[in-house]
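The values are calculated or read from the model by the stated rules, or taken from the named source; none is laboratory data. Fair warning: this is a prediction, and the values are worked out from it, not measured in the lab. When we count neighbours, we look across all protein chains shown, and the Cβ atoms used for this are built from the backbone with ideal geometry, even at glycine. Side chains included, ligands, DNA and RNA excluded: accessible areas come from the protein's heavy atoms. Shrake-Rupley method; radii C 1.70, N 1.55, O 1.52, S 1.80 Å.
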Amino acid sequence: MQTGNHLSRKGLTVWRIYGLIQSLILVLIAGGISAFDFFFFGLGWLYIVTISLLVILIVLIIGVLPSLRWKRWRYEVREHEIELQHGLFIVKRTLIPMVRVQHVDTEQGPILRSYNLASIHISTAATSHTIPFLDEIEAESMRRRISELARVAEDDV
């Protein structure tokens, strides 16, 4: 699917915030490793390796990966199916037939709420799929539309 709908551009900022939170956790872990090394081994080279890896990971998690994710994410809601495409190195394309949709939920945590974004969860009998970072109004109208299309598809069976 070359065409399709992009996620909200504000989702890029949210992915970066999630990356910042992950980076803070990595800094705490690296600090623990460095403290352990300082008290028990005193290997100076381990500090350099730890800091170098930490800087590389932080640049990837906050700078590079969110942009790549946003560029690769596509979705399209059609009358008979929902198509999703996402992935960084391995692009996953999913086609969800409307007759398989059991229910549709919207979710909005505190970070998403502060950016007026919401995610949609589409449940089938086998699994659940998510379309993240949609504008609040778009997410609500899409939830209603998918629900109506799923009902119509169910009536046709």
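Rg/Rh for region 75-152 stands at 0.97; both radii use Cα atoms, and Rh follows the Kirkwood definition. As a length-normalised measure over Cα pairs under 8 Å and 6 or more apart, the relative contact order of region 75-152 settles at 26 percent.
Based on DSSP H segments of at least four residues, each scored -39500 (n - 2.57), the chain has a per-residue ellipticity at 222 nm of -17000 deg cm²/dmol. Evaluated with a Cβ-only charge set (Lys, Arg +1; Asp, Glu -1), the chain carries a dipole of roughly 500 debye about its Cα centre, given to the nearest 20. Contact order normalised by length for region 1-136, with contacts defined as Cα pairs under 8 Å and 6 or more residues apart; what percent is it? Relative contact order for region 1-136 comes out at 24 percent. Here the mean projected area of the convex hull built on the C-alpha positions of region 10-71 is 3.9 nm².
For region 87-154 and region 1-34, write down the distance between their C-alpha centroids in whole Å. Here the answer is 21 Å between Cα centres.
Once the dipole of the chain is set up with Lys and Arg at +1 and Asp and Glu at -1 on Cβ about the Cα centre, which of 47, 65, 114 lies farthest towards its positive end? Going by the Cα projections, it comes out as 47.
Computed over protein heavy atoms with a 1.4 Å probe, the accessible surface of the chain works out to 62 Å² per residue.
Across region 1-138, Cα-Cα pairs more than 25 Å apart make up 43 percent of the total. Take residue 86: with every protein chain present and a 1.4 Å probe, its accessible area is about 60 Å².
Backbone amide hydrogens, once placed in the peptide plane, bring residue 130 within less than 5 Å of 122, excluding anything fewer than 5 places away on its chain.
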